[in-house]
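Accompanying notes for the structure given below.
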Amino acid sequence: MNTLRALTLNAYGGPDTTTVTTRPVPTPGQAQVRVRVRAAGLNGLDWKLREGLVRDAFPIPLPTVLGLELAGVVDAVGPGASRFSPGDRVMGPMGGLGAYADLIVIDEAHLAPIPDGLDDLTAAAMPVAALAAWQSLHMAGPVLPGQRVLVHGAAGGLGAFAVQFAKQAGAHVIATASGADADAVRQLGADQVIDYQTQRFDALVSHIDLVLDYVGGEVLDRSWRVLSAQGVVVGTSSPAILSRTPSGLRGLWFVMKPDGALLAHLAKRVAAGALQARVGEVVAFQDLPAAIERHRLGQVRGKAVVDFSA
């Protein structure tokens, strides 16, 4: 096969700016491998990139192939690559864009082996969410037993991992989610779940040591009110958190960094049942543009993944 499918962003705008195109098969470079993608995870950044909302923080050339994370099988190995061989099952974040394609090339350091017992769809749902949750939870310093941690967007892929990591570190975990997702979030370990559709978290909690804001907007604006004297807000939605941090308070903008070794450790924990990785929706490749738009509209529950065989 000399060509492959790819979901290409042609211009900033709505759903009609993304199209399924045909591209040449890439060749792996130094310390890279080529992977035949079996599944890829959807992320909120997909539609934010499409809309041009983060073009200053993440400038990209257009047209470009979207997609942040994948699971698949090594197809070819480039010069200097030694960690994997053709036929190995792997998972990982791109460290950029390009996962929505049948074949991709990627730095082998970004990848982790998929452990036995972990299927491709679950593996594709993990890289960005698991790494971002772990890294953002620890960005401001170690999490200590008894600390009060507030997780916004706790029912999403990222938030679900953050709730588990914070609880396992001994924190008192408060989560915001829809009422329909409240029981599922409690099962992940949340001590208190606030229904953001009917309740205002800033009227119910205070003295929060760490806010993990995976939502942004007015949720961020209200989060400053609930901090303890030494509290901090770590936000993933926009670098605007830096300019919107009130005087005297602490706000940090987080960007996930690929880490194949950490991902391998977390994947083993999921395979062993020590962590839960939940797939909320599975879509076919040709339905990706519509799925990205549903993500923008808040109509996707849990972590959505695209099945390349569907």
**Request:** Return a yes/no flag: does the stretch 121-128 have any residue that is aliphatic (A, V, I, L, M), closer than 30 Å to A240 by Cβ and assigned to a helix (DSSP H, G or I).
**Result:** yes
**Message:** Please determine whether any residue of the stretch 22-39 is within 26 Å of G156 (Cα to Cα), in contact with a Phe, Trp or Tyr (Cβ under 6 Å, 6 or more places away or on another chain) and among the basic types (K, R).
**Reply:** yes
**Complete:** V283 meets each of (1) under 20 Å from G159 (Cα atoms); (2) of a type in the set (V, I, T); (3) open to solvent by less than 30 Å² (accessible area, probe 1.4 Å) with one exception, condition (1)
**Asked** Is there a residue being touching a strand residue (DSSP E or B) at 6+ places or on another chain (Cβ under 6 Å) and among the aromatic types (F, W, Y) anywhere in the stretch 212-226?
**Response** yes
**Asked** Can you name the condition, by its number, that V300 falls short on among (1) open to solvent by 40 Å² or more (accessible area, probe 1.4 Å); (2) of a type in the set (V, I, T); (3) at pLDDT below 90?
**Response** (1)
**Fill in**
The correct count of residues that are in contact with a Lys or Arg (Cβ under 7 Å, 6 or more places away or on another chain) and assigned to a helix (DSSP H, G or I) in the stretch 255-310 is 2
**Request:** For residues that are of a type in the set (K, R) and in contact with a helix residue (DSSP H, G or I) (Cβ under 9 Å, 6 or more places away or on another chain), scanning just the stretch 242-268, find the one that is surrounded by the fewest Cβ atoms within 10 Å (Cβ to Cβ).
**Result:** K257
**Asked** Cβ-Cβ below 8 Å, separation at least six or inter-chain, first residue in the stretch 51-80 and over 20 Å from A132 (Cβ atoms) and open to solvent by less than 10 Å² (accessible area, probe 1.4 Å), second charged (D, E, K, R) and assigned to a loop (DSSP other than H, G, I, E, B): which pairs?
**Response** V74/D88
**Request:** Output the number of residues of the stretch 1-42 satisfying the condition of being surrounded by fewer than 21 Cβ atoms within 10 Å (Cβ to Cβ), part of a strand (DSSP E or B) and among the polar types (S, T, N, Q).
**Result:** 5
**Item:** Set G231, G260, G273, G216: member being closer than 23 Å to W134 by Cβ, of a type in the set (G, A, S), modelled with pLDDT of 95 or more and within 17 Å of the chain's Cα centre (by Cα)
**Value:** G260
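Please find, within the stretch 34-73, the residue that is farthest from A112 (Cα to Cα) out of those that are of a type in the set (V, I, T) and in contact with a Gly (Cβ under 6 Å, 6 or more places away or on another chain). Lay out the reasoning, then the answer.
Here is the first cut: in the stretch 34-73, the residues of a type in the set (V, I, T) are 35, 37, 54, 60, 64-65, 73.
Still in the running and in contact with a Gly (Cβ under 6 Å, 6 or more places away or on another chain): 35, 37, 65.
Details: V35: 12, V37: 14, V65: 22 Å.
Result: V65.
Among the candidates V143, V128, which residue alone is open to solvent by 10 Å² or more (accessible area, probe 1.4 Å) and under 14 Å from the mean Cα position of the chain (by Cα)? Talk me through it step by step, then tell me what you get.
Working: V143 fails: under 14 Å from the mean Cα position of the chain (by Cα).
V128 is the lone residue from the list that is open to solvent by 10 Å² or more (accessible area, probe 1.4 Å) and under 14 Å from the mean Cα position of the chain (by Cα).
The values are calculated or read from the model by the stated rules, or taken from the named source; none is laboratory data. Remember, predicted model here, so these are calculated numbers, not experimental data. For neighbour counting, all protein chains shown are included, and Cβ atoms are generated from backbone atoms with ideal geometry for every residue, glycine included. Note: accessible area is taken over every heavy atom of the protein model, side chains too, but ligands, DNA and RNA are not part of it. Shrake-Rupley method; radii C 1.70, N 1.55, O 1.52, S 1.80 Å.
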